[in-house]
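Worksheet for the structure shown next.
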Amino acid sequence: MHLAPKVPLNNGVTIDALGYGVYKVPAADCADLVSTALDIGYRTVDTAALYGNEEGVGQAVKGAVAAGTPREDLFVTSKVWNDRHGYDSTLAAFDESMGRLGLDYLDMFLIHWPCPEQGKYIPTYRALETLYREGRVRAIGVSNFEPEHLHRLLDTAEVVPAVNQVELHPWLQQRELRALHAQLGIATQAWSPLARGQLLDDPVLAGLAAAHGRSTAQVVLRWHVQSGHLVIPKASSRERMSANLDVFGFALTDADMAAVAAMDSGRRSGSNPNNVN
Ligand SMILES: NC(=O)c1ccc[n+]([C@@H]2O[C@H](COP(=O)([O-])OP(=O)(O)OC[C@H]3O[C@@H](n4cnc5c(N)ncnc54)[C@H](OP(=O)(O)O)[C@@H]3O)[C@@H](O)[C@H]2O)c1
């Protein structure tokens, strides 16, 4: 069994350096796939109200706990969707997510997108702070926040977000944002770490994979963990899930890291956060 190292967040709570993401995992398959992931050794699972599969995540987590995995070893993230911004609405959305998950507490709750045109991420975040103070969630954070959103949030926030989960991969390396995170003590978590699989044919990455006797996906995921990003790849087969977690037994050289650094083109596989409302 592979296990990812645990990494401390800014409040001392630990999360796995590499977890399992379930965007686009169909609700009907989710419990089985997450159970497989937990069996392989994944301990962190990333879902969201939007994904429509929180029930399956909860079932798999409860099954693993019933079979002997301590709940404290597991880390479940969910997110408040864009149509629930605002203080009261976010508190209600959290209750609904918890009802679907069927868990006693959540490990991390994120604002899914800042939705700048709505202009409500400050009261939304205040609701997260309330949930955090009440002990219903162990860590709170944001997702898809650009530097201007973080600065504005931090003007009033009492709890510094533990995480900003953003699109990040060799084509979109987010240098400015990562530097700001480092300054503020916010962990960078990479979504679509494989650019939804689109960068797996890249010849530079394929060359590195051949040199290390690894797959291209493993080289990309190794680049993430070696760069200090938390990472949450999604995969649909036991083989891919297992291979994706098996990236802690080799290292990229400085030259390899420089070759990947040179791939930063700004190409997104998802939406620009300023255009999502
Ligand atoms: N906060 C946000 O706004 C946001 C947005 C997007 C995603 N996320 C989170 O980030 C997670 C990961 O992002 P993602 O699902 O968009 O993309 P991703 O993890 O970059 O890529 C997933 C794709 O790569 C394929 N893949 C995975 N491992 C592979 C391997 N070893 N070899 C070949 N192909 C492989 C998968 O195929 P198969 O599934 O067919 O195996 C799937 O098509 C999501 O599940 C979600 O939890 C968050």
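Summary of values
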read-out: Sum of -39500 (n - 2.57) over DSSP H runs of 4+, divided by residues of the chain (222 nm, nearest 500); value: -12500 deg cm²/dmol
read-out: Peptides ranked, highest mean first, by Cβ atoms within 10 Å: ranges 159-167, 256-264; value: 159-167, 256-264
read-out: Cα gyration tensor, segment 5-52 - rounded (a/c under 1.5), prolate or oblate; value: oblate
read-out: The chain: C-alpha gyration tensor shape, a/c 1.5 cut-off, then a/b vs b/c; value: oblate
read-out: Centre separation in Å (Cα based) which lies between segment 199-215 and segment 1-71; value: 28
read-out: Protection proxy ranking, peptides 79-87, 28-36, average beta carbon neighbours within 10 Å, highest first; value: 79-87, 28-36
read-out: Three-way shape label, segment 1-84, alpha-carbon gyration tensor, a/c 1.5; value: oblate
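All of the numbers you see were taken from the coordinates with simple rules; none came from a lab. All values derive from a computational prediction rather than experimental measurement. Cβ coordinates were reconstructed from backbone atoms using ideal geometry, including for glycine residues, and neighbour counts include every protein chain displayed.
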